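Everything on this sheet refers to the single structure shown next.
The values are calculated or read from the model by the stated rules, or taken from the named source; none is laboratory data. Computed from a predicted model, the values in this text were never measured in an experiment. Virtual Cβ from ideal backbone geometry, glycine too; neighbours counted across all protein chains shown.
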Amino acid sequence: MKKRAYLLLAALATAGCNYLEIEPVGQVIPHKTSEFRALLTTGYYAYPFGEAQAYTALLADEVGMIDAGAFLNASDVVPLGYNYTWQYGSQMQELPYQYFYQSIFYANAVIENIRNADVDDAGEPLEQILGEAYALRAYNHFQLVNLYGQPYNPATASTDRGIVLSGHIDIEQSFRPTSVGNVYAHILDDIAQAEALMSLERQPDASRNYRFSLDALTAFRARVLLYMQRWQEAYDAVVTLLAKYPLVDLNTATAETLLPWQAGSSEAILALDRPFAAANGDLRRACLLSEEIISLFDAANDLRVNYLQSTSGEGDEQPRYSVNRSSSDRISIRAAELYLIAAEAGSYLPAELSQARSYLLDLEARRLKAEAMEARRTEIEEMDAEALRREVADERAREFLLEGHRWLDLRRTTRPAITHSYEGSTYTLQAGDSRYTLPFPQSAVNNNPDLNS
């Protein structure tokens, strides 16, 4: 018999639970659209908005050192060290696998039941809430497949192992991973469903910018299509939005300027995720930027350097930096990403190559000192398609520092070798290493052996 749970009370409040493996303890059945809005808001807040950004920074080449002395509790360093050295086992800090599925659970509860709701919330159509639920489900599945599934390859996606798809609530179904191709098809279908339902082009203010809108959905679809290497579709999607979200010009920024990674910025399109920030406590002070990443910045001309925080101490041979951000910063998709998607996708389209260069320059003109732009313009306009793609990759590393993009960018493109030094030893993630795909967490496998079937 199929068992449905609309809102788990005690069960989902337990941190160790995964709704894929539990029975409902209690249920409250919503009847009004305002109650379904509250249910979906719980789904937004169940989404792990900070953990993935912090821990994937350890996996990528962004963090160059873990300073154990900066931790208040020395025992906290041990599991992070296993992440940092790609030792995927029971001692590593598990990424927030279960919380993605809890967020999906709430989205599914809305999708399956809201059409029978009584409309009681003036000004908010039922369809808007339902559309956001489809979008949130797609966003969670996208994050999951890009951590635990194989990188998307058009030639092999139909057979490459992906993740468990959770398209409805049925505690008795078998939860086995499906192919990467099936996951992406499901994501695109959810995006299409959301697009047909939603009516709100953009959220009215920063306090609601964690919610999906039509513009956020279009930008998210462009990201998905970029990962799928569907260059023309990704390019066409973002260019429709560029004029609506002005880039912040760091040349004229003041202390009052809302910066690009803040929810109220003119660049903000979706602000659900939290960049690696002060709210991560000891992590920010103890996880210092790598020399490789720092070397990508033109220190004399790149204004983004002003938003790094020096942590150098007496006797340090090299400058040490972390990112100076607030715990209140929230950003998932912003205007800079639109320009960089247009530049990358356009580099694969001969008819758009010149415009692709212009999009990259448009962004850099707001990030570099004005006096540096003439030489920079000459340099970029001489780049062929391959050189432009390399430059876009470097620009993404500079622009989205510790925002959760870098590990996913490396996975979907070159998967280069990365070397980390830790406690006197050197560890290397080899080029093309299978460890670019995370294993399912051991706790999840223990609860659901079908994950490895």
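Data overview
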{"quantity": "Among residues of the stretch 90-127, those that are within 21 Å of Val224 (Cβ to Cβ) and of a type in the set (S, T, N, Q), counted", "calculated": "2"}
{"quantity": "Arg367 vs. criteria within 20 Å of Tyr152 (Cβ to Cβ) and either modelled with pLDDT of 95 or more or surrounded by fewer than 19 Cβ atoms within 10 Å (Cβ to Cβ) (or both)", "calculated": "no"}
{"quantity": "Residue that is of a type in the set (Gly, Ala, Ser), at pLDDT 85 or above and surrounded by fewer than 19 Cβ atoms within 10 Å (Cβ to Cβ), where the choices are Ser90, Ser34", "calculated": "Ser34"}
{"quantity": "Odd one out for Val180, checked against (1) of a type in the set (A, V, I, L, M, F, W, C); (2) more than 15 Å from Leu438 (Cα to Cα); (3) at pLDDT 95 or above", "calculated": "(2)"}
{"quantity": "Subset of the stretch 204-224 (residues that are in a loop (DSSP other than H, G, I, E, B), more than 22 Å from Leu340 (Cα to Cα) and either among the small types (Gly, Ala, Ser) or over 17 Å from the mean Cα position of the chain (by Cα) (or both))", "calculated": "Pro204, Asp205"}
{"quantity": "Residues of the stretch 135-191 satisfying the condition of being touching a residue at least 40 places away in the same chain (Cβ under 8 Å) and among the polar types (S, T, N, Q)", "calculated": "Asn140, Gln143, Asn146, Gln150, Ser166, Ser174"}
{"quantity": "Unique residue being under 20 Å from the mean Cα position of the chain (by Cα) and either surrounded by 20 or more Cβ atoms within 10 Å (Cβ to Cβ) or among the polar types (S, T, N, Q) (or both) when the list is Ala185, Ala138", "calculated": "Ala138"}
{"quantity": "Cβ-Cβ under 6 Å pairs, at least 6 apart or on other chains, the stretch 299-312 side free of Cβ contacts under 8 Å to residues at least 12 places away in the same chain, far side buried (at least 17 other Cβ atoms within 10 Å of the Cβ) and basic (Lys, Arg)", "calculated": "Ser312/Arg320"}
{"quantity": "Top-ranked residue in the stretch 143-157 [being under 17 Å from Thr437 (Cα atoms) and of a type in the set (Gly, Ala, Ser); ranked as surrounded by the fewest Cβ atoms within 10 Å (Cβ to Cβ)]", "calculated": "Ala157"}
{"quantity": "The stretch 145-182: number of residues that are under 24 Å from Gly131 (Cα atoms), within 18 Å of the chain's Cα centre (by Cα) and assigned to a loop (DSSP other than H, G, I, E, B)", "calculated": "1"}
{"quantity": "Test set (1) modelled with pLDDT under 90; (2) out of contact with any Cys (no Cβ under 9 Å at 6 or more places or on another chain) - Ala243 fails condition number", "calculated": "(1)"}
{"quantity": "Helices (runs of 4 or more DSSP H) contained in the stretch 316-408 and holding at least 1 residues over 30 Å from Tyr44 (Cα atoms) and touching a strand residue (DSSP E or B) at 6+ places or on another chain (Cβ under 7 Å)", "calculated": "373-381"}
{"quantity": "Residue list for the stretch 263-281, filter: modelled with pLDDT under 85 and either under 15 Å from the mean Cα position of the chain (by Cα) or more than 19 Å from Tyr307 (Cα to Cα) (or both)", "calculated": "Pro275, Phe276, Ala277"}
{"quantity": "Checking Ala107 against (1) under 23 Å from Glu195 (Cβ atoms); (2) in contact with a strand residue (DSSP E or B) (Cβ under 9 Å, 6 or more places away or on another chain); (3) part of a helix (DSSP H, G or I); (4) among the aliphatic types (A, V, I, L, M), the condition it does not meet", "calculated": "(2)"}
{"quantity": "Subset of the stretch 192-203 [in contact (Cβ under 8 Å) with a residue 12 or more places away in the chain and either in a helix (DSSP H, G or I) or among the basic types (Lys, Arg) (or both)]", "calculated": "Gln193, Ala194, Glu195, Ala196, Leu197, Arg202"}
{"quantity": "Lone unmet requirement of (1) under 30 Å from Leu429 (Cα atoms); (2) part of a helix (DSSP H, G or I); (3) at pLDDT below 90 for Tyr99", "calculated": "(3)"}
{"quantity": "Lone qualifier among Thr414, Thr419 - being outside any helix (DSSP H, G or I), polar (S, T, N, Q) and in contact with a strand residue (DSSP E or B) (Cβ under 7 Å, 6 or more places away or on another chain)", "calculated": "Thr419"}
